[in-house]
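> Shown below is the structure under consideration.
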Amino acid sequence: MTEEIAVKVEHVSKFFKLPTEATNSLRRFLVNRTRGIKGFKEQHVLKDIDFTVNKGDFFGIVGRNGSGKSTLLKIISQIYVPEKGKVTVNGKLVSFIELGVGFNPELSGRENVYLNGAMLGFSTQEIDEMYEDIVDFAELHDFMNQKLKNYSSGMQVRLAFSVAIKAKGDVLVLDEVLAVGDEAFQRKCNDYFLERKKLGLTTILVTHDMESVKKYCNKAILISDGLIEMSGAVSKVADQYSLKNLQELSAAQDASDAADNDEAELKFVEHLEVHLESEMQITPNDPISFKVNYTVLEDVKTYIAFSLMDVDRSVWIYNDNSMDFPTTGAGEKQAAYTCKLANLNRANMKLQVSIRNEDGAMLAYAKEYLIVVKRDDIEEDDKSARDSASGLYKRNGSWVIEGR
């Protein structure tokens, strides 16, 4: 392995044996074996994973729960052994996969620092040299001689995290730990990671926070079902993860949405459909376009209401429950909408459409569409974008509405 490489993962595969039936006796075990019954099934968690982390990389690993991220980190940290392939680490690796692992509540904070440091492979002399930095970062000077069981949960987290990041290793491995502690401690951690990135210290980070990936990482991979689905540019990997995550959430909501529609459509409205005509991944300069079709069963006024919500922040980007454009009479109804966003980089939005009556009561609710707004640097001369104070503007001053 060349000197520029910090960690090399070569065609790694891993599976676990999951028991399918209990075997309580040797006789039953032998009978099952003669009949060809294994008594377990293989769950393949990682399948031919292959990538390289160079020295100085802040390397991101992202993926949905169950994709194999944590298993991969445990293999890199030599906690698990792969069935196939190998992992080579150039230098000392410090792994922080679970908060507080290796801490003893009956020992003092000071004793736990030395215990945890020894588990990470450091000598007493090396821990002596790191001890003050660890305590300073954790801000627990007055508590280090108290037993850990008397610490609050926040204090334990700060101490455990400080041991990991202040241990002077060549490669730091972190699994979902960027949100530890209170707000002040999180700011301190943020400053530390920015400094670590600036100094070119090798870090491998697993997280679901795409803002952290874009902020810290220079390389990233997306793992899905034990395979590397995408690698390379951080922004593209993060956007693909966001889109995939939202698609999964949308699929999970389909059943409940269908049940809601069945109840809502019994009296007046049926067959509500929304067709997203624009891409699910857009930039602030791309329009959002969709069509709405539905059938009214009786001669009543109906209104189309729709909204765009920022999923991550739970705030409305736009909410239109306007009663200005009613449809009248029974029969098939349709409308087309187009809008354009501005100053809204890196947002995960949810398009919600419903049909309402004159009193505002919901008659039908459509399947939600999820839209990822990717980062797109706005040109200085793009006055229409800069003049939009709300971050959303309507083309020609209003929504484009057709086919009412």
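The values are calculated or read from the model by the stated rules, or taken from the named source; none is laboratory data. In this text, all values refer to a predicted model and were calculated from it rather than measured experimentally. In this analysis, Cβ positions are derived from the backbone assuming ideal geometry, glycine residues included, and neighbour counts consider all displayed protein chains. All accessible areas refer to the heavy atoms of the entire protein, side chains included, with ligands and DNA or RNA removed. Shrake-Rupley method; radii C 1.70, N 1.55, O 1.52, S 1.80 Å.
> Among VAL94, VAL135, which is the only one that is modelled with pLDDT of 90 or more, touching a Lys or Arg at 6+ places or on another chain (Cβ under 9 Å) and among the β-branched types (Val, Ile, Thr)?
From the options VAL94, VAL135, the qualifying one is VAL135.
> Now, a different point. Which of the residues belonging to the range 1-45 are more than 42 Å from the chain's Cα centre (by Cα) and modelled with pLDDT of 70 or more?
Within the range 1-45, just THR34 meets the criteria.
> For the structure I just gave you, tell me whether ASP257 is modelled with pLDDT under 75 and within 14 Å of TYR337 (Cα to Cα).
no
> Looking at (1) within 23 Å of the chain's Cα centre (by Cα); (2) modelled with pLDDT of 90 or more; (3) not polar (S, T, N, Q), can you tell me which one TYR192 breaks?
Tallying (1) within 23 Å of the chain's Cα centre (by Cα); (2) modelled with pLDDT of 90 or more; (3) not polar (S, T, N, Q), TYR192 fails exactly one: (2).
> Moving on. Just to be sure I understand, how many residues within the range 139-149 are surrounded by 12 or more Cβ atoms within 10 Å (Cβ to Cβ), part of a helix (DSSP H, G or I) and out of contact with any Pro (no Cβ under 7 Å at 6 or more places or on another chain)?
Residues that pass the stated criteria total 1.
> Next question. How about the range 161-189: which of its residues are at pLDDT 85 or above and open to solvent by less than 50 Å² (accessible area, probe 1.4 Å)?
SER162, VAL163, VAL171, LEU172, VAL173, LEU174
> I've got another one for you. On the basis of being among the acidic types (Asp, Glu) and either on the phi > 0 side of the Ramachandran plot or assigned to a loop (DSSP other than H, G, I, E, B) (or both), does GLU106 make the cut?
Yes.
> Inside the range 268-297, can you point out the residues that are of a type outside the set (Ser, Thr, Tyr) and outside any strand (DSSP E or B)?
Within the range 268-297, PHE268, GLU277, GLU279, MET280, PRO284, ASN285, ASP286, LEU297 meet the criteria.
> Within the range 196-209, is there a residue that is among the basic types (Lys, Arg), under 28 Å from GLY109 (Cβ atoms) and open to solvent by 20 Å² or more (accessible area, probe 1.4 Å)?
No, the range 196-209 contains no residue that is among the basic types (Lys, Arg), under 28 Å from GLY109 (Cβ atoms) and open to solvent by 20 Å² or more (accessible area, probe 1.4 Å).
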